[in-house]
Amino acid sequence: MAHSADPRYASPLAEELAEDVLERFLRYVVIDTQSDPSSTTYPSTAKQLDLSRLLADELRELGLEDVELTDPGYVFATVPGNVADAPTVGLIAHVDTAPSAPGTGVAPIVHRDWDGEPITLPGDPTQVLDPADMPALAEKVGHDLVTSDGTTLLGADDKAGVAQIVTAAVRLLRDDAPRATARIAFTVDEEVGRGTDHFDLEAFGADFAYTLDGSGVGELESETFSAHEAVLTIDGVGVHPGVAKGRMVNALKLMADVIAALPRDTLSPETTEGREGFVHPERLAGSASKATLHLIVRDHDDAKLEEHVDLLRRTVAEVLDREPRASYSLRIENQYRNMRGVLDRHPEIVEAAEEAIRRAGVEPVHTIVRGGTDGARLTEKGLPTPNLFTGGQHYHSVREWASVQDMAAAAATAVELIRVWGERPRAS
Ligand SMILES: [Zn+2]
């Protein structure tokens, strides 16, 4: 690996791409694309398409082929390969930003050559990025950092990924090195869990894909949770409280009993880490006569996931069998599956990503996701899709930040990935 003139960069290619990634990133983050979980439209907010339309126009101008803004709001495009037998490789990022922090009026700030001192965000001086509390930040002394002004999220999740894919596409188009065909997709509504609801795998036409939606430099994610959602509805007996003696059955009290009977010291997000799963009461609504509880059930292991569901069923039954005058329903729905089972059958997909990360000058770091990705759903639908880092950190928060040098390393990784696949004939 040739070393970069500027030691902050992982490789000469990363250094070459850095200003292009940053310029695109700064233009994309100021466009408000926040998604909305309570909306019933698709995409959940029309403003996401402001960026999708801009990206489609930009990709056409840059000379990509088959550029299309699809009906559901995805941007598809092609960087044609130059090797006959190479596979078609998908590169995917999402345009929307999380609803958990304000997303309107993003004013990004570039902190050049960060000196390692705490960064006070000027729009809300109570928001301080202190390397003493943020170990990932402490490693970036000397980097060029991007933050918001403290009143909004930054939107590196996932506009860093969008900017990196566009930058990589531009670089690949003027490259003579062998390369595979890259199929690009920019999706909507990832943050509200609907990112691939209308994703047409056949129209996309990739053999496999990679999302650029991860975080710290070098991270490669090929393992997510398997996930169920559970909805428990309890119907009590509603009576005017003045004349309720011996007749009222309070649904809220029964629901409280169910929640109290669930595990706390184990099988809870607040008491587990790594590969430990959980049963998590997430949202509660109701009245004395009727109450509804939304839970999520998670594990990396599908068999254990079913055990957690059985535990939930038994707990609910034990509590509610004591009160025959109440009735209840417990509905369980599959949300997504751990992608690892599929990826283990196609080890070359993850292995090529490791190779690309190394060529970009970074050591790959395997991390397991305690959550899902668009790639988990795509993998389940038949498009194996591990997740790659983007260099953004502290997502879904007004203290979100990104390193320009790490974002550049991610763009370089995307370029190298398409080159790696250009050197490998399609598996027969
Ligand atoms: Zn994301």
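The values are calculated or read from the model by the stated rules, or taken from the named source; none is laboratory data. All values reported here derive from a predicted model rather than from experimental measurement. Methodologically, a virtual Cβ is constructed for each residue, glycine included, from the backbone with ideal geometry; neighbour enumeration extends over all protein chains shown.
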Within segment 32-62, restricting to residues that are closer than 18 Å to Thr104 by Cα and β-branched (Val, Ile, Thr), the one that is surrounded by the fewest Cβ atoms within 10 Å (Cβ to Cβ) is Thr45
Among Ile165, Ile184, which is the only one that is modelled with pLDDT of 95 or more and within 15 Å of the ligand (Cβ to nearest atom)? Ile165
May I ask you to say which residue of Thr211, Thr233 is of a type in the set (Val, Ile, Thr) and within 16 Å of the ligand (Cβ to nearest atom)? Thr211
Tell me which residues, restricted to segment 63-106, are surrounded by fewer than 22 Cβ atoms within 10 Å (Cβ to Cβ), polar (S, T, N, Q) and either in a loop (DSSP other than H, G, I, E, B) or within 15 Å of the ligand (Cβ to nearest atom) (or both). Thr70, Asn82, Ser100, Thr104
Write out, first by first residue and then by second, each pair whose Cβ atoms fall under 9 Å of each other, whose residues are 6+ apart or on separate chains, and whose first residue, in segment 70-94, is under 17 Å from Val162 (Cα atoms) while the second is surrounded by fewer than 21 Cβ atoms within 10 Å (Cβ to Cβ) and of a type in the set (Ser, Thr, Tyr). Gly73/Tyr42; Phe76/Thr70; Thr78/Thr88
For segment 365-402: of the residues being of a type in the set (Ser, Thr, Tyr) and within 14 Å of the ligand (Cβ to nearest atom), which is surrounded by the most Cβ atoms within 10 Å (Cβ to Cβ)? Thr390
Out of Pro43, Pro37, Pro72, sole residue that is touching a Gly at 6+ places or on another chain (Cβ under 9 Å), modelled with pLDDT under 95 and of a type outside the set (S, T, N, Q): Pro37
Under 24 Å from Val79 (Cβ atoms), within 16 Å of the ligand (Cβ to nearest atom) and buried (at least 22 other Cβ atoms within 10 Å of the Cβ) - does that describe any residue in segment 141-156? yes
Got a sec? Which of Val362, Val350, Val309, Val342 is buried (at least 19 other Cβ atoms within 10 Å of the Cβ), out of contact with any Pro (no Cβ under 6 Å at 6 or more places or on another chain) and in contact (Cβ under 8 Å) with a residue 40 or more places away in the chain? Val362
Filter result for the condition that a residue is closer than 30 Å to Arg174 by Cβ and at pLDDT 95 or above, over Asp57, Asp115, Asp85, Asp130: Asp57
